[in-house]
Amino acid sequence: MVKQNKSAWHSSRAVWMGVLTVGGGLMITSTAALAAPALFAAPAQSAPAAQSAPAAQSQAKADPYPQLPEGAGKQTVIKVCGKCHSPTNVIANGQNQQGWEDTITKMAGLGASASDEEYTAILDYLVKNFPQVTSKVNMNQATKEDIEKQLGFSAKDADAIVAYRTKNGNFKTIEDVEKVPMINAMDVAARKNRMAF
């Protein structure tokens, strides 16, 4: 169980200090110096520059991470984890509960900031949706659907991978997959432990 025991904000100095307790009595302390909240405020828009209500609602409804399964905790993962890295990094890195607890503890030690309830929601979401996986995806036999569902690539990326493989022949290494046009090499590298050739 991941539990944040103590946290305190010192608004005048914009410093966060916290103590995180993990099962077995392990405690991690973290201090982060942050920019003053006023620096993060969005600049005021004049009335003509403001978006119309329908356009704003349309943008709000668009899911920036459709490859993450819907469910309780998804928005918390996006909010908390997305501050430092793409929330989709979790897709190809399934773990058991202890593994996810260790990862969350590590992230908290590196500066991730969340309430007890948010850490619990993240843990529950990750354990449910990204369990430890023991098999790898053969990149030379995988269908578009396999690449999407098992590796978490977008439909567009999965199409590009299959099209590239069809045109250029089988992949031999992770570097071959990174050559697929319009694919982010960091997204490929994040999933390398789940790929076989």
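The values are calculated or read from the model by the stated rules, or taken from the named source; none is laboratory data. The structure presented is a predicted model; accordingly, all values stated were derived computationally and were not measured. Heads up, the Cβs are rebuilt from the backbone with ideal geometry, glycines too, and the neighbour counts pull from every protein chain shown. Ligands, DNA and RNA are excluded from the accessible area calculation, which covers all protein heavy atoms including side chains. Shrake-Rupley method; radii C 1.70, N 1.55, O 1.52, S 1.80 Å.
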* So what are the three principal axis dimensions of segment 70-181 from its Cα atoms, in whole Å, longest to shortest? -> 50, 26, 24
* **Neighbour net charge for residue 73 - beta-carbon separation under 14 angstrom, K R +1, D E -1** => -2
* Structure fact -> Quick calc: nm separation of the 7 Å Cα→Cβ label points for residue 79 and residue 149 -> 3.1 nm
* Say the cut-off is 22 Å between C-alpha atoms; which of 106/179; 128/172; 172/192 go over it? -> 106/179; 128/172
* Under 12 Å from a point 7 Å along the Cα-to-Cβ line of residue 141: which residues of segment 176-197 have their amide N that close? -> 196-197
* **Projected label distance in nm at residue 124 and residue 166, using a 7 Å step from Cα toward the beta-carbon** => 4.3 nm
* Which sequence of 120, 88, 166 reflects their accessible areas, 1.4 Å probe, from the largest down? -> 166, 120, 88
* To do: Determine, from the Cβ-Cβ distance of residue 106 and residue 156 and an R0 of 41 Å, the FRET efficiency 1/(1 + (r/R0)^6), rounded to the nearest 0.05.
  => 0.85
* To do: Starting from the Kirkwood radius over alpha-carbon pairs of segment 116-159, derive D by Stokes-Einstein at 20 °C in a medium of 1.002 mPa s and give it in µm² s⁻¹.
  => 177 µm²/s
